[in-house]
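Read-outs: derived from the displayed coordinates by stated rules, not from any lab. Please read all numbers here as calculations on a predicted model, not as lab measurements. With ideal geometry, Cβ positions are generated from the backbone for all residues, glycine too; neighbour counts draw on all protein chains shown.
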Ligand SMILES: [Cu+2]
């Protein structure tokens, strides 16, 4: 019986490693907050990179938020999503590229994030739509600068 212990330990290690393997879709959590050190109405994280087929759960930590895609800032063929006030949502992202995501009621106060699906895109490719309110345009630029400082491309 002693012989089996290392084997079962090895199996446990293999099984615990599976979710991080490319073939397995993961679900990430993004929080909508009222404030953190980056300013008012941030998404946390403000920049997230995932693989095609992964999902993101947008979780409302405080009330009054409504996450949605910015239709002018997503890859061709990607499906837009939007929620109602106080509604969280889990979205599967299949199209590679960069997505701008907003909180509908706090869009004019800088509530945006950047989602990158796949490795191909560069943050320099993100085209900030002219429809984006000025404070959110600035937030996008700040997010890009912080993400690059943290090693993103
Ligand atoms: Cu909000």
Q. Based on the alpha-carbon gyration tensor of the range 53-153 and its eigenvalue square roots a ≥ b ≥ c, which shape applies: rounded if a/c is under 1.5, prolate if not and a/b is larger than b/c, or oblate?
A. oblate
Q) How high is the FRET efficiency between residue 104 and residue 25 when r is their beta carbon distance and R₀ equals 25 Å, given to the nearest 0.05? A) 0.40
Q: Would you give the gap between the C-alpha center of the range 101-121 and the C-alpha center of the range 27-53, rounded to a whole Å?
A: 8 Å
Q: Looking at the range 25-149, send over the antiparallel percent of its DSSP beta bridges, to the nearest 5.
A: 65 percent
Q: Within 10 Å of each residue's Cβ, count the other Cβ atoms and sort 54, 142 from fewest upward.
A: 142, 54
